[in-house]
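Trainee: Here you go, one structure.
The values are calculated or read from the model by the stated rules, or taken from the named source; none is laboratory data. Only a predicted model underlies this, so the values are computations on that prediction, with no experimental measurement involved. Cβ sites come from the backbone with ideal geometry, for glycine too, and all protein chains shown count toward neighbours. Accessible surface is based on the protein model in full, side chains and every heavy atom, while ligands, DNA and RNA are left aside. Shrake-Rupley method; radii C 1.70, N 1.55, O 1.52, S 1.80 Å.
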Amino acid sequence: MLIAGNWKMYKGPAETAAFCEALRDQHVEGVDVVVCPPYVSLATAVQLLAGTEIGVAAQNVHWDEAGAYTGEVSAAMLRELGVYGTIVGHSERRQYFGETDETTARRARAALAAGLFVIACVGETEEERERGETDAVLRRQVAALGEADENLVVAYEPVWAIGTGKTATPELAQEAHALIKSLLDVPVLYGGSVKPDNAAELLAQPDVDGALVGGASLDFDSFTAICRAAARS
Ligand code: PGA
């Protein structure tokens with residue numbers, strides 16, 4: 001069971017420090033916990049969570065080691081900082097910043113090659129689901145990621161469920177997770193409006209191996225409540 005908190009563009013170093021100081025005293029048996037702060041807060045999180053089992057991951061990474069890529073950060077730089085993993089292909093990157101299956105795959109492969117743990121996001125939009133294209137979209141997005149790797153996990157995040165309060169039903173999540181696992185033999189996290197009150201039933205599904213939590217990961221009590229729900233499932 002893995003619970004990852006995707007902080008998106010929230011929490012600068014000061015707020016990150018306060019959160020991590022509280023989090024480092026929490027140990028939830030049987031659950032791997034990861035936080036994904038914005039780049040500028042990574043060093044603070046790494047420092048404060050050193051010596052704990054809580055992982056610190058970035059929200060994106062570039063595929064080259066260095067180069068003329070304004071605004072980008074490489075896997076080597078993340079490693080140097082002590083960051084252990086990264087998210088790639090988040091739907092907000094795909095939607096607002098032109099990220100594609102191809103750039104997602106390049107980022108994922110470079111991160112894996114550099115020894116980072118990778119959470120690669122896939123998921124259909126509302127229109128794709130309504131047109132009955134969910135299967136085809138997931139097949140395409142998963143195929144683009146390439147081969148399974150012991151440091152790779154996929155996060156199934158239906159775009160219509162992200163930040164909307166609309167969660168996939170446990171049955172619907174299970175169906176998508178089973179499809180993804182039939183294509184790629186890796187753990188699959190669910191993401192999209194995971195909250196303390198719906199986490200247990202989602203995490204109880206046989207092919208749901210954890211959660212990628214956005215909004216609810218920003219609040220210490222709700223994030224730790226989700227971690228405890230994961231421990232019980
Ligand atoms: P949400 O975000 O939990 O706020 O829906 C999930 C995500 O974008 O990873």
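Trainee: How large is the dipole of the range 3-142 about the Cα centre if only Lys and Arg carry +1 and Asp and Glu carry -1, each at its Cβ, rounded to the nearest 20 debye?
Mentor: Values: 13 positive and 21 negative charges, 53 e Å.
Roughly 260 debye, rounded to the nearest 20.
Trainee: Relative contact order for the chain: what is it in percent, counting Cα pairs under 8 Å that are at least 6 residues apart? List each step's numbers first, then the result.
Mentor: Working: 477 pairs, mean separation 45.8, N = 233.
Averaging sequence separation for qualifying contacts and normalising by length gives 20 percent for the chain.
Trainee: Want the number for Glu147 to Glu175: 0.36 nm per residue separation, take away the alpha-carbon distance, what's left? Display every interim value, and only then the final one.
Mentor: Values: separation 28, 0.36 × 28 = 10.08 nm, distance 2.13 nm.
Fully extending the segment from Glu147 to Glu175 adds 7.9 nm.
Trainee: Once the cut-off is 34 Å, how many percent of the Cα-Cα pairs in the chain end up in the long-distance tail?
Mentor: Numbers: 2153 of 27028 pairs.
Pairs farther apart than 34 Å: 8 percent.
Trainee: Where only protein heavy atoms count, and the probe is 1.4 Å, what is the accessible area per residue for the range 147-223 in Å²? The partial results should precede the final answer.
Mentor: Numbers: 3020 Å² over 77 residues.
Dividing the accessible area of the range 147-223 by its residue count gives 39 Å².
Trainee: Describe numerically, in nm with one decimal, the distance between label points set 7 Å from Cα along Cα→Cβ at Thr164 and at Thr100.
Mentor: About 2.5 nm, to one decimal.
Trainee: Compare the peptides 224-233, 97-106, 14-23 by average per-residue count of other Cβ atoms within 10 angstrom and give them in order, highest first. Provide the component values of the computation, followed by the final result.
Mentor: Details: 224-233: 20.1, 97-106: 15.3, 14-23: 17.1.
Descending mean neighbour count gives 224-233, 14-23, 97-106.
Trainee: Let me ask you something else. Determine the shape class of the range 155-210: with a ≥ b ≥ c the square roots of the Cα gyration tensor eigenvalues, call it rounded for a/c under 1.5, and otherwise prolate if a/b is greater than b/c, oblate otherwise.
Mentor: Details: a/c = 2.06, a/b = 1.51, b/c = 1.37.
Taking the square roots of the gyration eigenvalues as a ≥ b ≥ c, the range 155-210 is prolate.
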